[in-house]
Amino acid sequence: MNAAVTLAPWGPADLPLLERANTPEMTAHLGGPETPAQLEERQERYLRLVGAGEAAMYRIEVDGTPVGGIGYWQVEHDGTPAWETGWHVFPEWQRRGIAGAALRLIIRLVAARGERTLLVAYPGIANPGSNALCRTAGFTHRGSGSMPWRGGDLAFNIWVLDMSPLDLDARAPDLDERFDEGVLDETVWWPYYLAHWSSRERAAARYSAAPEGLELRIDRDTSPWSPEFDEGNRVSHLQTGQFSGPLGSPTGQHRFRDGLVVREAQPERRLHLPRFGVIEARMTAVRHPDAMVAFWPIGFEDRPDDCGEICIAEIFGSEIDDTGGWVGVGVKAQHDPRLRTDFEKIRVDGDLTAMHDYAVEWTPDEVRFFIDHRWVKTVRQTIDYPTQLMLDVYEFPRADGERDVAALPHVLRVERVRTFPPA
């Protein structure tokens with residue numbers, strides 16, 4: 001779906017959109033069409049609830065063309081205040097990813113309100129498309145139910161998206177790295193970026209550790225770390241593990257392109273390999289179009305399929321502006337056939353070059369993502385193997401081959417990195 005999916009506030013002139021959706025095909029999972037009087041009452045209810053602040057209703061538009069509707073409204077779920085959401089997309093616009101895009105926009109709007117931490121949906125049990133959409137949007141299935149509806153019984157599934165903030169007050173970390181000893185603790189950190197695809201000399205980090213925290217740095221004389229496989233990319237990086245095969249083999253962590261072979265044998269390092277729990281970094285971004293910072297645990301990969309990536313934060317300097325910027329979060333399958341990539345960019349207001357907290361809460365069933373302890377995304381997938389932390393700043397080459405040396409060094413500042421065992 002390349003066209004722009006947007007939401008426009010539902011208005012007094014939108015009754016024809018309800019009428020267009022009131023067909024046997026569109027209402028098959030809702031007990032059938034409504035009468036004209038019922039549609040008029042529904043339209044009046046939408047406008048009344050929106051005016052009272054108890055709901056928000058929208059047209060779904062594709063490049064300005066109305067293609068359906070979506071909204072959320074106040075309910076209680078198991079005695080807890082919540083928002084309920086529902087949607088429809090006209091048949092000729094279905095199977096294009098439009099409903100999924102609209103639901104992601106609604107989730108962002110609900111999360112930004114911060115008033116209620118639960119979003120619920122009750123699609124019909126016989127509606128496979130809407131149930132699949134809830135699952136892929138990060139909702140948790142919490143059972144099913146039925147109720148009288150339009151002269152019959154409506155059987156529905158219960159889906160819940162928990163948007164509660166990250167609470168660490170009662171939890172003790174098993175790693176609380178402040179980088180304040182003046183030297184890097186190499187029982188935790190391996191200061192080389194995927195050196196098996198290059199060499200320790202080329203992949204060595206430029207860094208300093210001081211009471212103010214860690215600085216990872218790309219300097220004027222920093223060379224591309226692996227020109228054979230990664231062109232002119234420069235990086236300064238720490239990781240908490242190292243696994244790769246013998247010289248000349250294709251075995252190694254983060255197989256980021258085809259044709260990789262080990263160029264320098266590396267010692268195995270199992271330093272700090274969390275599996276479930278909370279992983280958090282407090283760090284800054286770099287506002288420069290050639291730079292990117294990231295914090296992304298990856299599978300230790302001693303088994304080839306155990307290679308998925310949990311991208312806690314990926315921030316391109318080109319995507320930072322005067323009022324905020326975009327932070328990439330989510331799961332990347334890489335070469336793990338059990339995973340599907342579920343990654344998106346979250347708009348964050350404020351100065352991203354100042355310190356912010358980026359974290360995940362990882363369980364056997366899901367990964368919840370947080371920025372400054374505020375929930376931003378849930379990925380409902382199972383990642384059940386140890387991961388190593390990957391912390392880095394990149395400088396990407398320009399098409400003309402020139403570098404902006406006046407802007408160097410590019411510096412990623414990290415105040416702390418913490419991990420917490422499962423609750």
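Among the candidates E84, E54, the residue that is surrounded by fewer than 21 Cβ atoms within 10 Å (Cβ to Cβ), out of contact with any Leu (no Cβ under 9 Å at 6 or more places or on another chain) and charged (D, E, K, R) is uniquely E54. The residue that is farthest from T117 (Cα to Cα), among those in segment 53-93 that are of a type in the set (S, T, Y) and in contact (Cβ under 8 Å) with a residue 12 or more places away in the chain, is Y58. Could you please find all residues in segment 226-243 being among the charged types (D, E, K, R) and assigned to a helix (DSSP H, G or I)? Once the filter is applied, which keeps residues that are among the charged types (D, E, K, R) and assigned to a helix (DSSP H, G or I), segment 226-243 yields E228, D230. Listed by first and then second residue, the pairs with beta-carbon distance under 7 Å, at least 6 apart or on different chains, first residue in segment 258-285 and at positive phi, second among the aromatic types (F, W, Y) and surrounded by fewer than 18 Cβ atoms within 10 Å (Cβ to Cβ), form an empty list. Note on segment 184-207: residues that are over 15 Å from V235 (Cα atoms) and polar (S, T, N, Q) total 1.
Give me the residue from segment 147-169 that is over 22 Å from P81 (Cβ atoms), of a type outside the set (D, E, K, R) and over 33 Å from the mean Cα position of the chain (by Cα) and, out of that set, surrounded by the most Cβ atoms within 10 Å (Cβ to Cβ).
Applying the first criterion (over 22 Å from P81 (Cβ atoms)) to segment 147-169 yields 148-155, 168-169.
From what's left, of a type outside the set (D, E, K, R): 148-149, 151-152, 154-155, 168.
So of that shortlist, the ones also over 33 Å from the mean Cα position of the chain (by Cα) come out as 148-149, 151-152, 154.
Working: P148: 9, W149: 14, G151: 7, G152: 10, L154: 16.
Checking each candidate, the answer is L154.
Among the residues of segment 337-344, is any surrounded by 15 or more Cβ atoms within 10 Å (Cβ to Cβ), in contact (Cβ under 8 Å) with a residue 60 or more places away in the chain and within 23 Å of G277 (Cα to Cα)? Checking segment 337-344: at least one residue is surrounded by 15 or more Cβ atoms within 10 Å (Cβ to Cβ), in contact (Cβ under 8 Å) with a residue 60 or more places away in the chain and within 23 Å of G277 (Cα to Cα).
Being surrounded by fewer than 22 Cβ atoms within 10 Å (Cβ to Cβ) and either modelled with pLDDT of 95 or more or more than 18 Å from A137 (Cα to Cα) (or both) narrows it down to one of L408, L391, so name that one. Give the steps one after another, and end with the answer.
Working: L391 fails: surrounded by fewer than 22 Cβ atoms within 10 Å (Cβ to Cβ).
After ruling out the rest, the residue left standing is L408.
In segment 386-404, the residues that are small (G, A, S) form Cβ pairs under 8 Å with partners that are surrounded by fewer than 23 Cβ atoms within 10 Å (Cβ to Cβ), at six or more places apart or across chains, as follows: G401/G232. When T382, T353 are checked against the criterion of being more than 30 Å from D180 (Cα to Cα) and either surrounded by fewer than 19 Cβ atoms within 10 Å (Cβ to Cβ) or in contact (Cβ under 8 Å) with a residue 60 or more places away in the chain (or both), T382 stands alone in meeting it.
I'd like to know if segment 332-340 contains one or more residues that are assigned by TED's automatic domain parsing to the domain that holds R287, at pLDDT 95 or above and part of a strand (DSSP E or B). Give the steps one after another, and end with the answer.
The first filter runs over segment 332-340 and keeps only residues assigned by TED's automatic domain parsing to the domain that holds R287, leaving 332-340.
Filter once more, keeping what is at pLDDT 95 or above: 332-340.
Among the residues that remain, those that are also part of a strand (DSSP E or B) are: 332.
Yes, that holds for at least one residue.
Being among the charged types (D, E, K, R), within 22 Å of G152 (Cα to Cα), surrounded by 12 or more Cβ atoms within 10 Å (Cβ to Cβ) and in contact (Cβ under 8 Å) with a residue 12 or more places away in the chain: is that true of E40 here? Judged against the criteria, E40 is a match. Criterion first (more than 17 Å from V293 (Cα to Cα) and not in a loop (DSSP other than H, G, I, E, B)) does T382 satisfy it? Against the criterion (more than 17 Å from V293 (Cα to Cα) and not in a loop (DSSP other than H, G, I, E, B)), T382 does not qualify.
A quick yes/no check of all residues on (1) closer than 24 Å to G129 by Cα; (2) at pLDDT 95 or above; (3) basic (K, R):
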{"residue": "P9", "(1), (2), (3)": "no, yes, no"}
{"residue": "A13", "(1), (2), (3)": "no, yes, no"}
{"residue": "H29", "(1), (2), (3)": "yes, no, no"}
{"residue": "E34", "(1), (2), (3)": "yes, no, no"}
{"residue": "R45", "(1), (2), (3)": "no, yes, yes"}
{"residue": "E54", "(1), (2), (3)": "no, yes, no"}
{"residue": "M57", "(1), (2), (3)": "yes, yes, no"}
{"residue": "I60", "(1), (2), (3)": "yes, yes, no"}
{"residue": "V67", "(1), (2), (3)": "yes, yes, no"}
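Scanning segment 132-147 turns up one or more residues that are at positive phi and touching a Leu at 6+ places or on another chain (Cβ under 7 Å).
The values are calculated or read from the model by the stated rules, or taken from the named source; none is laboratory data. Just so it is clear, the model here is predicted, and its values are computed rather than measured. Every residue, glycine among them, receives a Cβ derived from its backbone with ideal geometry; neighbour counts consider all protein chains shown.
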